[in-house]
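All of the numbers you see were taken from the coordinates with simple rules; none came from a lab. Small disclaimer: the values here were computed from a predicted structure and weren't measured. Counting neighbours? That spans all protein chains shown, and the Cβs are built from the backbone with ideal geometry, glycine included.
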Amino acid sequence: MTSTQLQGKVSLVNFWATSCTTCVAEMPEIVTTYNKYKDRGYQTMAVAMSYDPPSYVVNFAQSRQLPFKVAIDNTGAVARAWGGVQLTPTTFLLNKRGEIVKRYVGAPNFAELHQLIEKLLAES
């Protein structure tokens, strides 16, 4: 998955792991954000780190009823493609052209994130 594949919508790409307490704690906010903007051309992709057991990821996604795509980066290739992501959570916000506008390491300030999403959604 590359940034060019995400063109056409404002996109949030969240690198996370089930073993990361901050990731687990921020996930409800990521779901709320997705639900708030999904009908306006916003998409979310959660990318589980290569060291995260796939069964844990699937169980988490199902039990939390995550409403967006969850990818399992079992080889680490996706993390490498996004600049060698190692720390979780790392979150990227992309504009409709697939360009990275913001990178958060650690939980984002969601009020700020929402303002940025609004601005990007308003761009033609």
Residue range of the chain that is longest and free of GluC sites (Glu not before Pro) which are both DSSP loop and sparsely packed (at most 14 other C-beta within 10 Å): 1-98
Charge tally in the Cβ shell below 12 Å around residue 92, where Lys, Arg are +1 and Asp, Glu are -1, residue 92 excluded: +1
Surface/4 estimate of mean projected area, convex hull on alpha-carbon atoms of the stretch 3-122, nm²: 6.6
Pairs of lysines in the chain (C-alpha under 13 Å apart; 8 or more residues apart or interchain): 6
Counted charge near residue 24, where neighbours are those whose Cβ lies closer than 12 Å (Asp, Glu -1; Lys, Arg +1): -2
Span from the the stretch 108-124 Cα centroid across to the the stretch 1-15 one, whole angstrom: 15
Mean separation of Cα contacts under 8 Å (6+ apart) over length of the chain, as relative contact order %: 37
